[in-house]
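Report on the structure given below.
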Amino acid sequence: MTEYAPTALGRAAPLPATPAEAVLDYPPNPRVGTDYLVRFAVPEFTSLCPVTGQPDFAHLVIDYVPAERIVESKSLKLFLGSFRNHAAFHEDCTVGIGQRLVAEMNPKWLRIGGFWYPRGGIPIDVFWQSGPPPAGVWLPDQGVPAYRGR
């Protein structure tokens, strides 16, 4: 494995203009050989509606079981923040985030839940996972209740 050199951690790092421009950092897994779950909860995720240009809001929950590498949290925050000016449907944002993490990090398993706030009066929740979870890994509920009107 190559030596890890962070691109964002410990230094000023501007918010990338687009998700494609964002660089995700993947340090070595400190517990290779042990299956464990890592969770990132992102309660204030935003993107733009590709039709109206209006902001969309979601609560994302990303769970993964690392293999050789983990994702560094500051680079992940910058990547997710880059969606603020990105116009895409809920499905594209949610699944695209999961697929990029899997393609670059190559975890043993990853799932993402996108709990989107209503657009046009209908909440849209999007779920994706890379395959079946490893046996014996504790998978807690993602903890986001179904949307209920006010």
**Q.** Estimated FRET transfer efficiency when R0 is 25 angstrom, pair PHE127-LEU24 (beta carbons, to 0.05)
**A.** 0.70
Q | ALA103 versus CYS49: modelled label distance in nm, points set 7 Å from Cα along the beta carbon direction | A | 2.8
Q. Order of ARG31, ARG119, ARG111 from fewest to most other C-beta atoms within 10 Å?
A. ARG31, ARG119, ARG111
Q. For the pair ALA12 and ARG119, what calculated FRET efficiency results from E = 1/(1 + (r/R0)^6), where r is the Cβ-Cβ distance and R0 = 41 Å, to the nearest 0.05?
A. 0.75
Q: Mind sorting VAL144, VAL65 by how few other Cβ atoms lie within 10 Å of their own Cβ, fewest first?
A: VAL144, VAL65
Q: Using all C-alpha to C-alpha distances in the stretch 37-129, build P(r) with 5 Å bins and read off the rounded percent in each one.
A: 3, 14, 26, 26, 16, 9, 4, 1, 0
**Q.** Mean separation of Cα contacts under 8 Å, 6 or more apart, over the residue count of the stretch 34-102: relative contact order %
**A.** 37
Q: Multiply the residue separation of LYS74 and VAL137 by 0.36 nm, subtract the distance between their alpha-carbon atoms, and state the gained length in nm to one decimal.
A: 20.1 nm
**Q.** Sorted by Cβ density within 10 Å, fewest first, the residues VAL38, VAL126
**A.** VAL38, VAL126
**Q.** Against the rule of thumb 2.2 N^0.38 Å, how large the Cα Rg of the stretch 1-55 comes out
**A.** 1.60
**Q.** Fully extended contour minus Cα-Cα distance, from VAL144 to TYR4, at 0.36 nm per residue
**A.** 47.0 nm
Q: Using the charge dipole of the stretch 1-124 (Lys, Arg: +1 at Cβ; Asp, Glu: -1 at Cβ; taken about the Cα centre), state which of ALA87, VAL42, ALA17 has its Cα farthest towards the positive end.
A: VAL42
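Since every read-out is calculated from the coordinates, none of them should be taken as a lab result. Note that the structure is predicted; figures quoted are calculated from it, not measured. We place every Cβ from the backbone using ideal geometry, glycine too, and count neighbours over all the protein chains shown.
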